[in-house]
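Encoded as C-alpha cells, the structure appears first; notes follow it.
The values are calculated or read from the model by the stated rules, or taken from the named source; none is laboratory data. None of the values given here were measured: they were computed from a predicted structure. Glycine also receives a Cβ, built like all others from the backbone with ideal geometry; neighbour counts cover every protein chain displayed.
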There are 2 protein chains.
Amino acid sequence: MFVVEGIKMVQELLNSNFPAFKVYTTDLSNLEVEVNNVEIVSTSELRQMSGLKNPNSTIGAFYIPESKAVEFEDWILVLDDIRDPGNLGTIIRLCDWFGIKNLVCSKNTVDCYNPKVLQASMGSITRVNIVYIDLEDFLESVDSPIYGAFMDGNSVYEENLTKGGILVMGNEANGISKKVEKLISSKISIPQFGDDSTESLNVATATAILLNEIRRK
Amino acid sequence: MFVVEGIKMVQELLNSNFPAFKVYTTDLSNLEVEVNNVEIVSTSELRQMSGLKNPNSTIGAFYIPESKAVEFEDWILVLDDIRDPGNLGTIIRLCDWFGIKNLVCSKNTVDCYNPKVLQASMGSITRVNIVYIDLEDFLESVDSPIYGAFMDGNSVYEENLTKGGILVMGNEANGISKKVEKLISSKISIPQFGDDSTESLNVATATAILLNEIRRK
C-alpha cells in the first residue's frame, strides 16, 4: 500500500478508481466523492499519522495497483537509475503533460510511491503506467529505435526523430550506465549555448526539453 | 554579503572574481586558488557556522556584486514573482546553459543570494547578470517584443519568434500578474498532449522548454 496526503490528491486517486484501503479525514464534508472506507479522525490524530509539518485535512491509504504491460504504439520513456524523488515526480508530471503513457524504470530507480515522488507528481501518477523492470532485458527485447541522452550525443535539433521510439534518460550523477549504453541506437544531446564551464542540465529539465522535441515534430 | 558552502562553489566564485570577504576551511590544501582572506577552522567550528547537516570542508562569505545594466542585444528572461528558491536556482542554471546573459526579476521574486537558490544554481550565478527591478517600469521602457507564457496563449511551435526579445514567466500559483499582462505583446503556451485534467507544467520546466524553443530557431 501507499499513503497520500491532502484532499486534492486523495480525491484525484479516488476519482481514478485507485482502490482505497482507507481514507482518514477530520471533516467528511471535505470529500466530494462517496467512499466506503472512511474514518473521521481528530486533528491531533491526523497530526500523529502525517509525515508533514502542517497536515492537510485528509490522508488516504491506497493499494498499489498492478502495472499493465508496456504498450509500444507511441514513445516510451525509460529511466536508468533516477534517484531523486523530486526528479521522478517531475518526470511523471511531464509524461502526463506530453501524453507519454508508459514509463519504464530500472529496478534501482526511486520508488514511484515514495511520498516525495507523489507530492511532486501532482496526481499524474494516476494517468501514467509505470513499470519497474531489468532494463537490459527490456531493451534487448524491443524492436523500436532506442535514443539515449548523452552530453556528447548528436544535436536533437538535427536528429530525424522517428514517429515512435524509446528515449532513455540516465542517473543524476553518472548518466546512462555502460550496460544500457550498449543497447542505445542513437545518442542525442541538447545543444549548449552558454559558457563551456556550465554544469549539465538537471535530468528533469533535460527530459522536459527532449519530450517537447519529440512532440513538436 | 552572502554565504556559499562547499569547496566547488567557493572555488567557482573565487575564479569568477567575486570579491571574497573571507573563506573558512578545515584544510588549506582544499583550495586550488590563492586567497588572501582565508581562515583555518576546526570541523566543529565549521559545523557551527554551516546551514547544512553535513557541512563540506569550506564556507565562503562574499560581497554581493552590483548588477550591471541590462543588455538588449539578445533575449532577456523576466520573472514575475517566482517564489520557490529551487525554481529560481534551476532557472539561473537554464539561462547559463542557453546563453541568456540577462535575467530581470520583479522585486518580489525570491532573493538570488538565498542559500537554496545558490545551491540549485550550481555556480551559474557567476555567469548571469541578475537585476531586481519594478517590472512595469522596465517593460514600459523597452522596445523589444514582449512574450509571456500563459496557459491559453498561442502554441509556441507556431509562433514566429523574433531574433531577440523578452520572455516573461509568471508566479508558481498565479501566473503573470494583471499589471504585467497588460504590457505583453504576444501570449504563448506549450501545447499539451495528455489528459485535460493534467496540472500545468512547473515554471522551471516550462522555462526550460521555452528557452530551448527560442534557441532552436
Handout entry: B:N114 of a type in the set (S, T, N, Q) and in contact with a Pro (Cβ under 9 Å, 6 or more places away or on another chain)
Key = yes
Handout entry: Filter result (closer than 20 Å to B:L14 by Cβ and of a type in the set (G, A, S)) within segment B:28-50
Key = B:S29, B:S50
Exercise for the section: Answer with yes or no whether A:G89 is under 10 Å from the mean Cα position of the chain (by Cα) and among the small types (G, A, S). Expected result: yes
Exercise for the section: Quick one: which helices (runs of 4 or more DSSP H) lie wholly within segment B:105-217 and hold at least 1 residues that are at the interface with another protein chain (Cβ under 10 Å from one of its Cβ atoms), modelled with pLDDT of 95 or more and under 23 Å from B:G89 (Cα atoms)? Expected result: B:203-216
Completion exercise
In segment A:4-22, anything surrounded by fewer than 18 Cβ atoms within 10 Å (Cβ to Cβ) and under 12 Å from A:E32 (Cα atoms) is listed as A:K8, A:N15
Exercise for the section: Would you be able to say whether some residue in segment A:43-52 is on the phi > 0 side of the Ramachandran plot and either surrounded by fewer than 13 Cβ atoms within 10 Å (Cβ to Cβ) or part of a loop (DSSP other than H, G, I, E, B) (or both)? Expected result: no
Fill in the blank from the handout: Picked from segment B:63-104 (must be within 14 Å of another protein chain (Cβ to nearest Cβ) and of a type in the set (G, A, S)), the residue surrounded by the most Cβ atoms within 10 Å (Cβ to Cβ) is B:G89
Completion exercise
Scanning segment B:53-64 residue by residue, those part of a loop (DSSP other than H, G, I, E, B) and either among the hydrophobic types (A, V, I, L, M, F, W, C) or at pLDDT below 90 (or both) turn out to be B:K53, B:N54, B:P55, B:N56, B:I64
Handout entry: Hits in segment B:3-18 - residues which are more than 13 Å from B:S121 (Cβ to Cβ) and of a type in the set (A, V, I, L, M)
Key = B:V3, B:I7, B:V10, B:L14
Problem - Residue satisfying condition, being under 20 Å from the mean Cα position of the chain (by Cα) and outside the structural domain of A:G165 (by TED's automatic domain parsing), within set A:L14, A:L52 - result: A:L14
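If you go through segment B:123-132, how many residues are free of Cβ contacts under 8 Å to residues at least 40 places away in the same chain and either more than 10 Å from the chain's Cα centre (by Cα) or crowded, with 23+ Cβ neighbours inside 10 Å (or both)? Explain how you work it out, then say what you get.
Looking only at segment B:123-132, we keep the residues that are free of Cβ contacts under 8 Å to residues at least 40 places away in the same chain, and these are B:124-125, B:128.
When the remaining residues are screened for being either more than 10 Å from the chain's Cα centre (by Cα) or crowded, with 23+ Cβ neighbours inside 10 Å (or both), the result is B:124-125.
Result for segment B:123-132: 2.
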Practice task
Report yes if some residue within segment A:137-155 is of a type in the set (D, E, K, R) and either closer than 24 Å to A:A61 by Cα or under 21 Å from the mean Cα position of the chain (by Cα) (or both); otherwise report no.
Solution key: yes
Fill in the blank from the handout: Per the filter on segment A:32-42, residues exposed (fewer than 14 other Cβ atoms within 10 Å of the Cβ) and either assigned by TED's automatic domain parsing to the domain that holds A:D96 or part of a loop (DSSP other than H, G, I, E, B) (or both) are A:E32, A:V33, A:E34, A:N36, A:N37, A:S42
